[in-house]
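*Asks:* Could you have a look at this structure, given as structure tokens, before my questions?
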């Protein structure tokens, strides 16, 4: 599903490398946690996966798509296969919950019938039925993040990248988000989660990849979980 083979990324005018010869393989339907201090390379890794950045050297293959052969015109199609959730939600403040989620379908040309049919199903997944007409400012931080997750999965991506999704939330709402990500994973979506939250890392029985100084320094399964 996700393959990085000796990927290095060096930004122009930067003294060092953001990533150095990263090799990583993630199977379909796997749930992987990526950890590391600020500057370890987590954000660069995610930007490479969504093709916001290109590697300096090395090969990236996502869902059978070889990024070396990817045309610029194919990038929007690629990004439909990869849902992304951010720490700061990035909701449209003047649109309702329903409209925020529907927007992700509208920009790819979905019909009104498809939107009316699909959005309620996604709201069920993230436990937000009854909040369709609320504005983002009327929601708690945890609820806003659930809207962001719903928007990310409404196009049924094969991969969901969650970049510090609990960073702005209190412990209770943080665990609500983790449970939803696990539910999405059970439905068959590959999940890649970055986090600084050590409690989440310790409690989740999942594979943990550690980045340090742009290198993978550890890649191990948690107790009770098989890679």
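Laboratory data are not the source of any read-out in this text; all were calculated from the coordinates shown. Computed from a predicted model, the values in this text were never measured in an experiment. FYI the Cβ positions are ideal-geometry reconstructions off the backbone, even for glycines, and counts take in every protein chain you see.
*Asks:* Does the range 13-67 come out rounded, prolate or oblate, given a ≥ b ≥ c as the square roots of the eigenvalues of its C-alpha gyration tensor, rounded meaning a/c under 1.5 and, failing that, prolate meaning a/b above b/c?
*Replies:* Details: a/c = 2.14, a/b = 1.30, b/c = 1.64.
Verdict is oblate for the range 13-67.
*Asks:* Which order do the peptides 7-14, 180-187, 44-51 take when ranked by the mean count of other beta-carbon atoms within 10 Å per residue, highest first?
*Replies:* Numbers: 7-14: 13.2, 180-187: 16.2, 44-51: 20.5.
Descending packing order for the listed peptides: 44-51, 180-187, 7-14.
*Asks:* Given the -39500 (n - 2.57) contribution per DSSP H run of 4+ residues, what per-residue ellipticity at 222 nm results for the chain, rounded to the nearest 500 deg cm²/dmol?
*Replies:* So the calculated ellipticity at 222 nm is -9500 deg cm²/dmol.
*Asks:* To the nearest 10 degrees, how steeply does helix 141-153 sit against the main Cα axis of the chain, on a 0 to 90 scale?
*Replies:* The two axes meet at around 80 degrees.
*Asks:* Sticking with this one: Can you put 203, 71 in order, fewest other beta carbons within 10 Å first? Display every interim value, and only then the final one.
*Replies:* Details: 203 12, 71 7.
The most exposed by this proxy come first: 71, 203.
*Asks:* When 91, 3, 211 are ordered from fewest to most other Cβ atoms inside 10 Å of their Cβ, what list results?
*Replies:* Details: 91 20, 3 16, 211 23.
Ordered from fewest to most neighbouring Cβ atoms within 10 Å, 91, 3, 211 come out as 3, 91, 211.
*Asks:* Got the relative contact order for the chain handy, in percent, Cα pairs under 8 Å and 6 or more residues apart? Provide the component values of the computation, followed by the final result.
*Replies:* Values: 411 pairs, mean separation 64.4, N = 227.
The value is 28 percent.
*Asks:* Looking at the square roots a ≥ b ≥ c of the eigenvalues of the Cα gyration tensor of the range 167-215, which shape do they give, rounded for a/c under 1.5, prolate if a/b is larger than b/c, or oblate? Mind dumping the intermediate values first?
*Replies:* Values: a/c = 2.02, a/b = 1.20, b/c = 1.68.
Because a/c hits 1.5 or more and a/b fails to exceed b/c, the range 167-215 counts as oblate.
*Asks:* How would 219, 72, 27 line up from fewest to most surrounding beta-carbon atoms within 10 angstrom? Don't skip to the answer; put the middle values down first.
*Replies:* Working: 219 15, 72 7, 27 11.
By the 10 Å Cβ count, ascending, the order reads 72, 27, 219.
*Asks:* Contour minus end-to-end for residue 135 and residue 112, with contour as 0.36 nm per residue of separation and end-to-end as the Cα-Cα distance?
*Replies:* On the way: separation 23, 0.36 × 23 = 8.28 nm, distance 2.08 nm.
Extending this stretch completely gives an extra 6.2 nm.
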